[in-house]
């Protein structure tokens, strides 16, 4: 058996299917369900089974889409016997009917829709008469064979036919008698007759025909529904009659369909165009639109030609023109809507925005301009886009500046209404000034509120003036784009449109070019005026209503929701704006850009950055072609930099002077980590001054903004008056800071229990001249002598190192010489040093003078023996006072380096030298107060004077020696010649006594001995 026969027999698509057909599965399931319902069979079960069982009688039959079983096969042999497959014959003749079941059935003999004429005209179109006669004989034989088969089938199933006939008659009788009243007899036979029709008719007692009985009186069951059927038929005729009736309408519809088939490509242009627009496939849009315009032009030419020849249009031409007209109306509506969308998107297109395409990245505005030019427009899309960008930038700059200035003023008012920071708070931030000139700790230069306002101003200037992402950058990009359109470089890549109609838009007129230049100048002036207003104007009294922020057109545009660093913290309530703070006479009240209570360190740090931003932006604006050609606008950029610089310098100098008064609070009475003989104050003061000088240098010279060539035209050298202002403020700040040193030394800043900087508590002193013995690293800040000594040491370091370094830094930074100023500073330091030195030594000198005067004038001073062996007690008291001074100085001011640990402090030598000179003067005065001296008294005076002089010989000076010589002159004048002569003979013995006394006290007064060079040194405490 062939594969085709197997497939036809089992009604499957092929002999080797991948799955069983679904319709066969449904048939099996329905049959199974029917068998499963035998328990509840109806009275017409036999009829139902006979119908459902008539399935599968013809192998190869299939069930159609309407649910009815079609007895026609999918394929069958040629009824004329020429081939075993009708479909193969048709395929050879170019007809493939595998999917067209209705057309295929017309070629199959087993189908009820079989068409003999169609079959012969297609399958046997070239057959000869003889072949057709042979086919007729073959067909007759096939019919005879089938008739014989049917005869055998009838004879074999005769009894079944009889039973089926009886069943049909019985069902007909029941249907006919339906509705009649039946009365069955009381006694029935236990067995049912084999002929159901006879038994049922014998037992029925008819009482009259029913309404639905199949009788003539009831119109065979149709009497009840005939009325509704007639009404429905009338309604159907009314509704569907016009649609279904009329042969002419049928012909018209058929002609319309034929025409649409003929001009399918014309009618599909609209749908293809709509799809391309939705997908933004510009190339397809242009292709379809060009095709539509070409066809429309052709139709117009046909009509014009007919008019010129004075002839009527043919039917074909009429249909063509009508089709073109309908198509063009649809296309024109879509294109106009598409153009409106393109215009809207073009007006919002940013200057720099690219879109990825197959050909690579394309600028969005160029793509939109090219699309409009390709479609053909009346207005110039290049000019429209440039004008929209100008209006957008103008509105954006105005709104952004107004809102940001309002936010800055609100923050300034909130800060001004707060509490003024204490000097200790200000000093705590001045201590954080970087010593090496770095700005790594810039976030700690001031309070959080002040830094927040500085950052707000910085963000405002950066977003406004930055060429990378700022509004000025957008203006520069706008002019670059406009310049490229003016010189025609970008038009090379733009289309000319249909038949070159858009070429007229490729060139901008001279008036348009001039208008663009004026627009760029206006935008630059807006930016310049906004920045100048920030620096030059005083804070406004009436705060304007905050403008609503405009939404950015693209992610590339800078944010314009304000400049506050934390939007969530900055809640603006238009109904509850802060009022201006009361005037306090502070310098910052005249500057809208300076945060209230800001210190000078944070001020010069941020102002230096601001001036770099302003200077760089001014140079970039001046380099723009329209600005450089506009002399007035170019000249106005110079005052922008100069005014911003001058106002910044004035504000910074005011804060500098205020902070210089607070520099005395930098003294915390802790030792410097590198130089132990100093406190931290000189290093902190120098770091503060260097930070200010570095920031001032950046503000004055704007060096980072002058790197580019040509920038000197806008960023000029600072004027002499500003340099003089900084010069004077520098000297003034140094003087104020040094004056604070005297205050710190003479008056304690806080009680001992409240001073957190005290590292060692003071030790009580019974003697007013005694000093506390402290640890090397400890400082008793409550001890006046300790404060003065440390201050004197600081002043010595300032005179020798720090102040010359500051002066050199100033001269290097500002290229000036501070000859007079340096001399003034040195004089001030000398005066302060003298004042503190006298303040420290005066109490000690008073004690020494009193001790010496009282000791020499006492009656017991004159020895009772002829040869004194000891110095008097007042000498030891004087030496003990000097030892205490030595100890106080050496413990308070240790050596600054380990290599010079044995070298005494310069201050120690200075103090003791001065004290020795004054002690000598006191001795001279005391000895001069006595009228005469005996030999013993003369020897006692000589011993006292020489003991002090030889013990303190390391600190002796010419002046002290001269005073000692004067003592001996005075003694000689107050004694006799005999006593002087005898004294000469006693000098040898007195030298021995003096030597013995010094040997006995060398341990007590070893601190006054000169240390041996290269040795281990001596003790420094007695």
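Here are some notes:
- As a rough guide to protection, the peptides 391-397, 789-795, 649-655, 333-339 ranked by mean Cβ packing within 10 Å, highest first, stand as 789-795, 649-655, 391-397, 333-339.
- Rounded, prolate or oblate (a/c below 1.5 giving rounded, otherwise prolate when a/b exceeds b/c) for the range 234-325 by Cα gyration tensor: oblate
- Annotation for residue 117 and residue 254: the two label points, set 7 Å from Cα along the Cα-Cβ direction, are 1.4 nm apart.
- Cα gyration tensor shape for the range 73-123, rounded if a/c is under 1.5, else prolate or oblate: rounded
- Centre-to-centre separation between the Cα atoms of the range 948-1010 and those of the range 779-817: 40 Å.
- Simple spin-label estimate for residue 487 and residue 743 in nanometres, 7 Å along Cα-Cβ: 6.4
- Scoring 311-318, 90-97, 937-944, 489-496 by mean Cβ neighbours within 10 Å over their residues and listing the highest first yields 937-944, 489-496, 90-97, 311-318.
- A Förster radius of 41 Å combined with the Cβ-Cβ distance from residue 102 to residue 307 puts the calculated FRET efficiency at roughly 0.30.
- Maximal additional length on extending the residue 994-residue 957 stretch stands at 11.2 nm, based on 0.36 nm per residue less the C-alpha distance.
- Measuring r between the beta carbons of residue 1002 and residue 811 and using R0 = 45 Å, the FRET efficiency lands at 0.30.
- A simple spin-label model places pseudo-atoms 7 Å from Cα toward Cβ; at residue 165 and residue 348 they are separated by 8.7 nm.
- Highest-first packing order for the peptide set 515-528, 816-829 is 515-528, 816-829, based on the mean count of other beta carbon atoms within 10 Å.
- Rounded if a/c under 1.5, otherwise prolate or oblate - the range 837-1008, Cα gyration tensor axes: prolate
- With R₀ set to 45 Å, the beta-carbon distance separating residue 233 from residue 322 gives a calculated FRET efficiency near 0.70.
- Computed lengthening from residue 125 to residue 716, 0.36 nm per intervening residue step minus Cα-Cα distance: 202.3 nm
Taken together, the values in this text are just the output of simple stated rules run on the coordinates, not laboratory data. Here the structure is a predicted model, which means the values were calculated and not measured. As a convention, Cβ positions derive from the backbone with ideal geometry for all residues, glycine included, and neighbour counts pool all protein chains shown.
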